[in-house]
Amino acid sequence: MTLTRPRTTGPRHPILRHAILRHPTTVTLLLTGVAVALVALFLFTDLPGAWQYALGLRWRTVAGMLIAAAAIGAATVLFQTITANRILTPGILGFDAVFLTVQTVVAFVFGPLILVAAPPAVSWSVELVLMAGSVLLLYWWLFQRRRLDLHVTVLAGLVLGVMFRSVTAFLQRLLDPDTFAILQNVTFASFTSVDRELLLPTGVLVVLAVASLWPIRRQLDVLSLGETTAISLGVAHRRTVFHVVVVVAVLVSASTALVGPVTFFGLITANLAYGAVGHRHLRSIPTAITLGVIALIGGQLILDRLLGFGTELPIVIEFVGGIFFIVLVLTGRAR
């Protein structure tokens, strides 16, 4: 009599192995491994003779990219949660418009030298306070005091952003060509020319802002179900949403003051994170940050080492992000 060997139910079983590989925790760990490998590849390969100097510059670039990926990825996931829309980004609140307006008004009133000669910490602090302060004041007045709907408040931010951009465009037409060229250089996003002394305060601010979400981590998942459902399940909707708006304002303002305005980067990383690990915030936010690191480090590696292009990475990100946005709209994944 021949004994039939029982079918195994261990990890070697194809169905179980597939389930393990598709598990969100496994996906996050695999992506983290890819991100760490890319960082090591960026730092320690193709070093020139003066490797100490080159390594210092690369560490600064990597630190700036890590902070930007964390701030933009987390802010976009949070903003799409409270607006229940997968194609909106915090840029709609007008952060970049305020940033450009501040720089343009300073160049117009005081001249271009103050943009390049002012201490970086002072410029960073002023931009941070003006960007975060203006958005928070708008939301506190309309959303908390006037008790208006969140989408009306977002629309008000969009209109004010258009107004700021119009003022900026008008003032830029009055500038002389040299001042305009300096202004364009200062306001253009860059991950490779981050000021070293701004990394620590920006990193601390991003960590504190993200850590403040820990007490409301479960309420965030409920907010994803919509305002009516969240209120019926006992969530203090307006208080929780305003907490999220404060965190988003701090994250985006800190990132914009550090590397400049980037519009579509968060849209890409947030939606890829939803597809990889779902919508639970304990998974989607870390995954969005990890995907951001992979995109920035991997993109810089391809541009520098493989293609040898002198193009700034934000240009490529905005181009790809625009196409990604159109794909989301055409495939009906906007909500």
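The values are calculated or read from the model by the stated rules, or taken from the named source; none is laboratory data. The model shown is predicted, which means the values in this text are computed figures rather than measured ones. Cβ sites come from the backbone with ideal geometry, for glycine too, and all protein chains shown count toward neighbours. Quick note on the areas: whole protein, heavy atoms, side chains included, nothing else; ligands and nucleic acids left out. Shrake-Rupley method; radii C 1.70, N 1.55, O 1.52, S 1.80 Å.
All conditions in (1) at pLDDT 90 or above; (2) farther than 24 Å from residue 103 by Cβ; (3) not aromatic (Phe, Trp, Tyr) hold for residue 248, with the sole exception of (2). Just one residue in the set 69, 54, 40, 97 is over 30 Å from residue 246 (Cβ atoms) and open to solvent by less than 20 Å² (accessible area, probe 1.4 Å); that residue is 54.
Evaluate the following for residue 297: is it at pLDDT 85 or above, assigned to a helix (DSSP H, G or I), β-branched (Val, Ile, Thr) and surrounded by 19 or more Cβ atoms within 10 Å (Cβ to Cβ)? Answer is yes for this residue.
Among residues that are small (Gly, Ala, Ser) and either touching an Asp or Glu at 6+ places or on another chain (Cβ under 7 Å) or closer than 20 Å to residue 62 by Cα (or both), residue 284 is not included. In the set (1) closer than 30 Å to residue 320 by Cα; (2) touching a residue at least 40 places away in the same chain (Cβ under 8 Å), residue 217 fails one condition alone, (1). Of all residues in region 266-294, those satisfying the criterion of being more than 19 Å from residue 256 (Cα to Cα) and either small (Gly, Ala, Ser) or not in a helix (DSSP H, G or I) (or both) are 273, 275, 276, 278, 279, 280, 284. Looking across region 166-222, the residues that are modelled with pLDDT under 85, surrounded by fewer than 18 Cβ atoms within 10 Å (Cβ to Cβ) and among the small types (Gly, Ala, Ser) come down to 190, 193. Restricted to helices (runs of 4 or more DSSP H) entirely inside region 133-249, those with at least 3 residues that are over 23 Å from residue 86 (Cβ atoms) are 150-173, 177-187, 199-211.
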